[in-house]
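Quick note: the coordinates plus some simple rules give every number you see, no bench work behind them. What you are looking at is a predicted structure, and each value in this text was computed from that prediction instead of being measured. Reconstructed Cβ throughout: ideal geometry from the backbone, glycine too, with neighbour counts over all protein chains shown.
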Amino acid sequence: MIKDFERFAPKTLKEALVLLAKYGDDCKVICGGQSLLILMRQGLVSPKYIVDIKGISELSYIKDGKDGVKIGATTTHRAIEKSPVIKKKYPVLAEMETRLASIQTRNWGTIGGNVCHGDPAGDPVPVLMALNATLTVAGAKGTRSMPVDKFCLDYFEVDLRDGELLTEITIPAPLPRTGTVYTKFNVIESDLATVSVAASVTLGAGDGVCQDVRIALGAVAPTAIRARKAEKVLKGKKITDALLKEAGEVAATETEPISDIYASEEYRLELVKVLVPRMTKEALARAKKA
Ligand SMILES: Cc1cc2nc3c(=O)[nH]c(=O)nc-3n(C[C@H](O)[C@H](O)[C@H](O)COP(=O)(O)OP(=O)(O)OC[C@H]3O[C@@H](n4cnc5c(N)ncnc54)[C@H](O)[C@@H]3O)c2cc1C
């Protein structure tokens, strides 16, 4: 049962930051409530005050600029899935959204809420890692930005200090000859990932050499992670099937999967070994056509 709380519904970011500074530890931000309400119903979180940021229209946008695309934190999953700009520039992000939960959840849940929830099995973070995204947070003392990798600290723990809100996600303009893909392995359609893999490959001009590669994994560690050692196996080389297999095996050594009702630790390791080569090969094929 959810304990009683007092709810505030600020209409501007400034008002929200004042409320967060005033109520401190007793206060929790809510946006779509698709994750927070479950925790509250289970009695895991019982805030005295709730600051509902869903109505802050200045935080709901997708803006295309020369530095890339900026997405406001309260933008819904559905808005991202349907955005012509996202479909054109970062099709992987729209594709990921089509597999996140149900349409009902995507209509109300937000990208900011998903990232701040800090679930290692969440879909958006590995994709944002592969796209090299940056997050901006705001507090009473000003704003700060960080790569998405640095924001994820531990199971359901992110780098938000007291009184801070996530305000914006910036995805840099894609480089030429870049392909990015994402998949999640799950048993129940639209459920959270048992293991997920996002991969991005950038090829050099004319030589077919892997100039840059980012591989991000979900649901195999306390947070989504970059498989940096696996990336090193491929970077600066012409990607072959043998190198892809090696990258999959190296990626598995970078994980710390758990056993749960969905899969054993061993099964998750095997999925990493299979999905990393498969998805990186798909990213390579997309890069060749880009
Ligand atoms: C049935 C169901 C299926 C789901 N399936 C999936 C799935 O397949 N893949 C997946 O990735 N997710 C899935 N989810 C999770 C869910 O869709 C997301 O986590 C959701 O989008 C969170 O957004 P929200 O706006 O509802 O966040 P809320 O629930 O309102 O908040 C989540 C957390 O983030 C904090 N928060 C919210 N916004 C901000 C902000 N701007 N700044 C600081 N803190 C903030 C809150 O305090 C809270 O701790 C599922 C959820 C449901 C109910």
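Quick one: compute the contact order of the chain, relative version, from alpha carbon pairs under 8 angstrom and 6+ residues apart, as a percent.
It comes to 15 percent, rounded to a whole number.
Got a sec to turn the phi values of segment 61-78 into Karplus ³J(HN,Hα) couplings, 6.51 cos²θ - 1.76 cosθ + 1.60 with θ = phi - 60°, whole Hz, x for Gly and Pro?
6, 10, 10, 9, x, 6, 7, x, 10, 10, 10, x, 4, 8, 5, 6, 4, 5
Tabulate in residue order the Karplus-calculated ³J(HN,Hα) for segment 201-212, using 6.51 cos²θ - 1.76 cosθ + 1.60 with θ = phi - 60°, rounded to whole Hz; enter x for Gly and Pro.
Rounded to whole hertz, the list is 10, 10, 9, x, 6, x, 9, x, 7, 6, 7, 8.
What aspartates and glutamates does Lys89 reach when the alpha-carbon gap must be under 19 Å and sequence neighbours fewer than 8 apart in one chain are set aside?
Correct list for Lys89: Asp64, Asp67, Glu81, Glu97, Asp123, Glu168, Asp212, Glu282.
Over the residues of the chain, compute the C-alpha Rg and express it relative to 2.2 N^0.38 Å.
1.01
Taking amide H positions as placed 1.01 Å from N in the peptide plane, with prolines and chain starts having none, which residues 5 or more places from Ala221, or on another chain, fall under 5 Å of its amide H?
Hits under the 5 Å cutoff: Glu256.
Report the extension gain between Glu157 and Val209 in nm, rounded to one decimal, defined as 0.36 nm multiplied by the number of residues separating them, less their alpha carbon distance.
15.0 nm
Any chance you could count the Lys pairs in segment 227-290 whose alpha carbons are under 14 Å apart, treating pairs 8 or more apart or on different chains as valid?
Total qualifying Lys-Lys pairs in segment 227-290 comes to 11.
Compute a Gaussian network model of the chain, connecting alpha carbons closer than 10 Å, and tell me which residue from Ile38, Ile171, Ile53 fluctuates the most.
Ile38
For a quick check: with amide H placed at 1.01 Å from N, whose amide H comes under 5 Å from Thr75's, ignoring anything fewer than 5 positions away on the same chain?
Tyr61, Ile111, Gly112
Indicate, rounded to the nearest 5 percent, the antiparallel portion of the DSSP beta bridges found entirely in segment 1-128.
Percent antiparallel among DSSP bridges in segment 1-128 is about 40.
Using alpha carbons only, how many degrees (0 to 90, rounded to 10) separate the axis of helix 241-253 from the longest principal axis of the chain?
On a 0 to 90 degree scale, this one is about 40.
Within segment 122-162, list the trypsin sites (Lys or Arg not before Pro) lying in a DSSP loop whose Cβ has at most 14 other Cβ atoms in a 10 Å radius.
Loop-located and lightly packed - Lys141, Arg161.
Name the lysines eligible as straight-distance cross-link partners of Lys3: C-alpha to C-alpha under 22 Å, and not fewer than 8 places from it in the same chain.
Lys22, Lys28, Lys48, Lys54
Check which residues have an amide H placed less than 5 Å from Val29's amide H, if you skip close sequence neighbours.
When sequence neighbours closer than 5 places are left aside, the close amide H contacts are Val51.
Across segment 229-237, in residue order, what do the Karplus-derived ³J(HN,Hα) couplings come to in whole Hz, using 6.51 cos²θ - 1.76 cosθ + 1.60 with θ = phi - 60° and x for Gly and Pro?
5, 5, 4, 4, 4, 9, 5, x, 10
Would you mind telling me which residue in Lys82, Lys232, Lys22 has the biggest mean-square fluctuation in a Gaussian network model of the chain, where springs connect alpha carbons within a distance under 10 angstrom?
Result: Lys22 has the largest fluctuation of those listed.
In segment 116-273, if every C-alpha pair distance is counted and binned at 5 Å from zero, what percent goes to each bin?
Bins of 5 Å from zero give 2, 9, 17, 20, 18, 15, 10, 6, 2, 1, 0 percent of pairs.
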